[in-house]
């Protein structure tokens with residue numbers, strides 16, 4: 001019996017988006033549903049931010065951070081912990097996913113089941129965003145944001 005090599009897959013091209021493209025939160029949610037392996041965020045003005053996977057060291061730090069947030073939430077009660085894959089729909093229209101976050105349990109339970117399944121329309125009480133060596137520095141105390 002002879003096995004033929006698998007046929008080659010077509011080369012995947014990176015998705016190119018025009019800089020002027022702006023999405024509303026509902027359109028953004030549809031993009032996320034169509035691309036479940038992507039990790040995008042949405043700015044308040046509707047610009048799509050596509051995040052790249054982290055390296056091993058940053059991934060290990062993210063895992064440790066999420067673990068500690070979950071330990072705190074379990075031990076203290078009254079809190080719901082979230083990892084870096086959770087998007088929050090903020091009042092300014094942006095949808096962001098911090099590396100780890102905490103939401104008061106009463107605020108989380110006040111959301112409808114549909115709101116909890118999607119991007120939760122609330123701002124967490126505490127968020128942590130870990131910087132990695134590959135992150136572009138856009139803020140310094142001397143220059144400010146940007």
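List of remarks:
- Residue satisfying all of: in the range 73-87; in a helix (DSSP H, G or I) and in contact with a strand residue (DSSP E or B) (Cβ under 9 Å, 6 or more places away or on another chain); nearest to residue 100 (Cα to Cα) among these: 73
- Restricting the range 99-123 to residues that are outside any strand (DSSP E or B) and surrounded by 19 or more Cβ atoms within 10 Å (Cβ to Cβ), the residue that is nearest to the chain's Cα centre (by Cα): 99
- Taken together, 80, 70 contain a single residue that is without any contact (Cβ under 8 Å) to a residue 40 or more places away in the chain, surrounded by 18 or more Cβ atoms within 10 Å (Cβ to Cβ) and over 16 Å from the mean Cα position of the chain (by Cα), which is 80.
- Subset tally (residues that are without any contact (Cβ under 8 Å) to a residue 40 or more places away in the chain and surrounded by 12 or more Cβ atoms within 10 Å (Cβ to Cβ)) for the range 52-67: 5
No lab work stands behind these numbers, since they all come straight from the coordinates. The shown structure was predicted, so the numbers you read here are calculated from the model rather than taken from an experiment. So basically every Cβ, Gly included, is an ideal-geometry build from the backbone, and we count neighbours across all protein chains shown.
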